[in-house]
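Below you'll find the structure, written out as structure tokens, and then a few comments.
The values are calculated or read from the model by the stated rules, or taken from the named source; none is laboratory data. This is a predicted model, so every value here is computed, not measured. So basically every Cβ, Gly included, is an ideal-geometry build from the backbone, and we count neighbours across all protein chains shown.
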Amino acid sequence: MFWEKLGAQLPLDSPLIDEAGGAVSLLDVTTQTPTLLVLGYYRCQKLCSVLRREIFETLGKSNLVAGRDYNLVFLSVDPKETPADAREAKAETLTGFSAPGAQSGWRFLTAREHESAAIAQAVGFDYAYDGKSLAHPLGIAVLTTRGVVSTYLFGLGVDTEAIQRALQRAASNEISAAASPVMLLCFNFDAMSGRYSLDIVKMLRIVSGGFAFVGAAFILRALRRERLS
């Protein structure tokens, strides 16, 4: 899952490779405007691809202009993926989705394992790679123009208002906590089947914990009323 590291400074000198095979650094792609940083891998056809489509659709419906109001940076943490994978992903994306400035403001990057792992660690992106599949959390790290973690947008269902609000805060160098990503705890990655599945035990723990909290609050309120009467 994501371990929130609000205010953390990313390693801006980290060498990366863009979709054209050119050398860039994190400094080149994140410090002109606030940045939406998404970590994962391009060949993922599960929830990772769902999140990407949601982001594309949401940005396409907004009045935000990539390169002026924000940068969108996808970074693969799969060491086996290449600039060709990034180039293919970007081409497919621009064919299916349109947003002002997307051609230059949406970046699809790869990196050597050491560099991508260092960036993932800096933003608290905890993942596991077994040589075939990658288990990873869902979310967006929102960065200031100084390459500092401003906030997070967790899970699915990211809407235009949430993205605009997060980018405005990042543009002002504000640091703000994200909402608790409860539903992310309900999805487990099954390395054997290569699928995400709903963990019923965790779901029951969450629900029962919620009922226990509500019950305790009700009892405390009743006791206070009794003392005052």
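Data overview
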| item | result |
| --- | --- |
| Residues located in region 24-65, provided they are under 23 Å from TYR127 (Cα atoms), surrounded by 19 or more Cβ atoms within 10 Å (Cβ to Cβ) and of a type in the set (S, T, N, Q) | THR30, THR35 |
| ARG107 surrounded by 12 or more Cβ atoms within 10 Å (Cβ to Cβ), out of contact with any Pro (no Cβ under 7 Å at 6 or more places or on another chain) and outside any helix (DSSP H, G or I) | yes |
| Residue match in region 77-91 (condition: over 18 Å from the mean Cα position of the chain (by Cα), closer than 13 Å to LEU109 by Cα, among the basic types (Lys, Arg) and assigned to a loop (DSSP other than H, G, I, E, B)) | yes |
| Residues of region 21-76 satisfying the condition of being without any contact (Cβ under 8 Å) to a residue 60 or more places away in the chain and in a helix (DSSP H, G or I) | ASP28, SER49, ARG52, ARG53, PHE56, GLU57, GLY60 |
| Sole residue being surrounded by fewer than 20 Cβ atoms within 10 Å (Cβ to Cβ) and at pLDDT 95 or above, chosen from PRO83, PRO100 | PRO83 |
| Within region 115-153, tally of residues that are at pLDDT 85 or above, assigned to a strand (DSSP E or B) and of a type outside the set (A, V, I, L, M) | 5 |
| Meets criteria (farther than 15 Å from TYR41 by Cα, modelled with pLDDT of 85 or more, basic (Lys, Arg) and buried (at least 17 other Cβ atoms within 10 Å of the Cβ)) for ARG165 | no |
